Amino acid sequence: MDRLTVTTRPIEGQKPGTSGLRKKTRVFMEPHYLENFVQSVWSAIGGVAGKTLVLGGDGRYFNDRAAQVILRMAAAGGAARVIVGQGALLSTPAASNLIRQRGADGGLIMSASHNPGGIDEDFGIKYNTANGGPAPAEVTDRIFAATRSIESYEILEAQDVDLGVVGESRLGDMVVEVVDPVADYAALMEGLFDFDAIRDLFARGFTLRFDAMHAVTGPYATAILEGTLGAAQGSVVNAVPSPDFGGGHPDPNPIWAKPLMDLMMGPDAPDFGAASDGDGDRNMIVGRGLYVTPSDSLAVLAANAHLAPGYARGLAGVARSMPTSGALDRVAAARGLDCYETPTGWKFFGNLLDAGRATLCGEESAGTGSDHVREKDGLWAVLLWLNILAASDKSVADLLTAHWAEFGRNYYSRHDYEGVDAAAAEALMQGLRDRLATLPGQAFAGLAVTAADEFAYDDPVDGSRAEGQGIRVWFEGGARVVFRLSGTGTVGATLRVYMEDLETDPARQGRDAQEALAGVIAAADAVAGIGQHTGRTAPDVMT
Ligand code: VG1
Ligand code: CO
């Protein structure tokens, strides 16, 4: 087999965002686009000669083609072994686990997560390091720098590897090891949770609907929930990964998982509803008649994790991304736990998890996870909820109501304005930035600002600093609004506005979040001029 050196030129815009490089699929399919990026990853990590890598993706359109290119480039670079999920599939948490379990040097995950898939939709790639976590900024900066100076890449001229059959084969001198994508992950879950108690819960008639949204968690959820734990056949729906996710957004929120929401709010609701995203790292939790916000879910899990065997020793500490609500902080304060506030994106949790400072982490965007891997993990969150429900013998609604009564309820909502003109979105942010010092004392829609700043994070483990991580505005009475621009979109800009307000009186904790936050929502619009800048009268997505 010949090893080819292909001459190329830098391609604009190959800068990894919040979670790897995401672009339109057709952009990834342009000549040299994928190859340039992969070679730049190899450059950034000192080459792949002699290394072991993990490779898999969420099964979206181009996943299979990209896998073959990456394998040929790994072989050309002299990699010793690539461990690939069968069919080139691996959920993000399963990939993280494989990297750790097998002591691999790193891995490539092909996914654009919750973004839609298809030739006219989105594709993405991210590099994870040897700890199993997303590459930190220092590495992604090196990748980006390499994309700007690349002159050539190396690739083996070879036939496709058969990724449909488990087992080993060779590509040049490199071993390609195709593994069952589910087996190691399922074993990890079995070690963390009381599977007997969950099995017993289902045996007693507990009902569940898990919506895999035509994405990668289908095989995992079917094997674990139905196969091992005995949930009724058919409890897992949309369970076969499809290249275009059935034409939808594999984004587990009340908008995109509407069929699940409708079921859970209707007369035939099962006891528990859940959904996951394209690559399986997000989760949505819904009780009968009650949506659990991701921020609340994180707090409930932190307060009750000790009920699961894997966390019976207690938590070392907890962490949340800055826009995530303060519900977690209230649990941490009550239990005497350290609570860290990081920028958006899972890569910022890596050091805290590695250093043993945090056991549980989460983001308001439906990501929850722990030190069992270095990614957020959708099915893990579902299993922890099930373990807690089994151990406490309470319904989701009872558990949440009791949680609010004990810790207070942080009313919370995120409003997204998608596909906004990039310059208009920048202008909105810059307008806020310019006025930060003068905002305190001014009133907006009747609410006075008490403080305002732009969030920056100093990593307590390695001392690195991340700036410009979102603008925060606090109002009298303690309400908070955060403004930031998404780093995962592929069209224009997405403005995210995060609102929260604490309610400690149990008599006032049962309200609709949009209604309870109406005053804060109006103040957010007034302080930032959302309507004026974006020309929008309402958000595209509310979670
Ligand atoms: C979003 C979320 C962030 C999450 C990231 C990747 O980023 O806000 O919390 O970590 O997606 O999640 P942004 O920059 O668009 O706000 V996933 O499941 O898309 O890999
Ligand atoms: Co995801």
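Filter 15/347; 24/376; 23/258; 24/126; 15/126 down to the pairs with a C-alpha to C-alpha distance above 20 Å, please. Walk me through the numbers on the way to the answer.
Numbers: 15/347 16 Å; 24/376 24 Å; 23/258 26 Å; 24/126 15 Å; 15/126 11 Å.
Result: 24/376; 23/258 exceed 20 Å.
Evaluated at q = 0.06, 0.08, 0.09 Å⁻¹, a Debye calculation over the C-alpha positions of the chain (equal weights, vacuum) places log10 I(q)/I(0) at -0.28, -0.50, -0.64.
With a ≥ b ≥ c the root eigenvalues of the C-alpha gyration tensor of the stretch 2-180, is it rounded (a/c under 1.5), prolate (a/b larger than b/c) or oblate? The shape class here is rounded. Modelled spin-label separation between residue 262 and residue 228, with each label point placed 7 Å from Cα along the Cα-to-Cβ direction: 3.3 nm.
Return the FRET efficiency for the residue pair residue 177, residue 4: r is the Cβ-Cβ distance, R0 is 22 Å, and the value is rounded to the nearest 0.05. Working shown, then result.
Numbers: r = 24 Å, r/R0 = 1.10.
So, using R0 = 22 Å, E works out to roughly 0.35.
One quarter of the surface of the convex hull around the alpha-carbon atoms of the stretch 185-407 equals 11.1 nm², the direction-averaged projected area. Here the spin labels are modelled as points 7 Å beyond Cα on the Cα-Cβ line, and at residue 354 and residue 518 they lie 4.9 nm apart.
If contacts are Cα pairs under 8 angstrom and at least 6 residues apart, what is the relative contact order of the stretch 1-85 in percent? Mind dumping the intermediate values first?
On the way: 64 pairs, mean separation 27.2, N = 85.
About 32 percent, as a whole number.
Would you mind counting up the charge near residue 280? Only other residues with Cβ under 10 Å from its Cβ, with Lys and Arg at +1 and Asp and Glu at -1. Charge balance near residue 280 sits at -4. Applying the Kirkwood pairwise sum to the alpha-carbon positions of the stretch 409-542 produces a hydrodynamic radius of 15.6 angstrom. Across the stretch 342-405, Cα pairs under 8 Å and at least six residues apart give a relative contact order of 18 percent.
Seen from a random direction on average, the alpha-carbon convex hull of the stretch 21-77 projects onto 4.0 square nanometres. Separation of the stretch 414-434 and the stretch 474-538, taken as the distance between their Cα centroids, equals 14 angstrom.
Going highest first, how would you order 210-216, 161-167, 327-333 by mean Cβ packing within 10 Å? Can you show the working numbers first?
Values: 210-216: 29.7, 161-167: 13.4, 327-333: 22.9.
Averaged packing, sorted descending, gives the order 210-216, 327-333, 161-167.
Backbone phi angles across the stretch 139-156, fed through the Karplus curve with coefficients 6.51, -1.76 and 1.60 (θ = phi - 60°), yield HN-Hα couplings of 6, 5, 5, 5, 4, 4, 4, 5, 5, 8, 10, 4, 10, 7, 9, 10, 8, 7 Hz in residue order; Gly and Pro are listed as x. Toward the positive end of the charge dipole of the stretch 83-218, with +1 on the Cβ of Lys and Arg and -1 on the Cβ of Asp and Glu, the farthest Cα among 147, 205, 183 is that of 205. Entry note, the chain: the mean residue ellipticity at 222 nm calculated from DSSP H runs of n ≥ 4, each adding -39500 (n - 2.57), is -9000 deg cm²/dmol after division by the residues and rounding to the nearest 500.
Please list 104-117, 408-421, 479-492, 526-539 highest first by mean number of surrounding beta-carbon atoms within 10 Å per residue.
104-117, 408-421, 479-492, 526-539
Here the gap between residue 65 and residue 29, fully extended at 0.36 nm per residue and compared with their Cα-Cα distance, gives a gain of 12.0 nm. The length gained on full extension between residue 170 and residue 313, counted as 0.36 nm times the residue separation minus their Cα-Cα distance, comes to 47.1 nm. Approximating the spin labels as points 7 Å out from Cα along Cα→Cβ, the residue 537-to-residue 394 distance works out to 4.2 nm.
Can you list the residues of the stretch 296-315 with backbone N under 17 Å from a point 7 Å past the Cα of residue 338, pointing along Cα to Cβ? Taking a point 7 Å out along Cα→Cβ of residue 338, the residues of the stretch 296-315 whose backbone N falls under 17 Å are 314-315. Taken one residue at a time, the phi angles of the stretch 336-353 give Karplus couplings (6.51, -1.76, 1.60, θ = phi - 60°) of x, 9, 5, 10, 9, 10, 10, x, 5, x, 5, 4, 6, 7, x, 5, 5, 5 Hz. Gly and Pro are set to x.
Values quoted throughout were computed directly from the atomic coordinates according to the rules given, and no laboratory measurement underlies them. Keep in mind the model is a prediction, meaning the values are calculated, not measured. Heads up, the Cβs are rebuilt from the backbone with ideal geometry, glycines too, and the neighbour counts pull from every protein chain shown.
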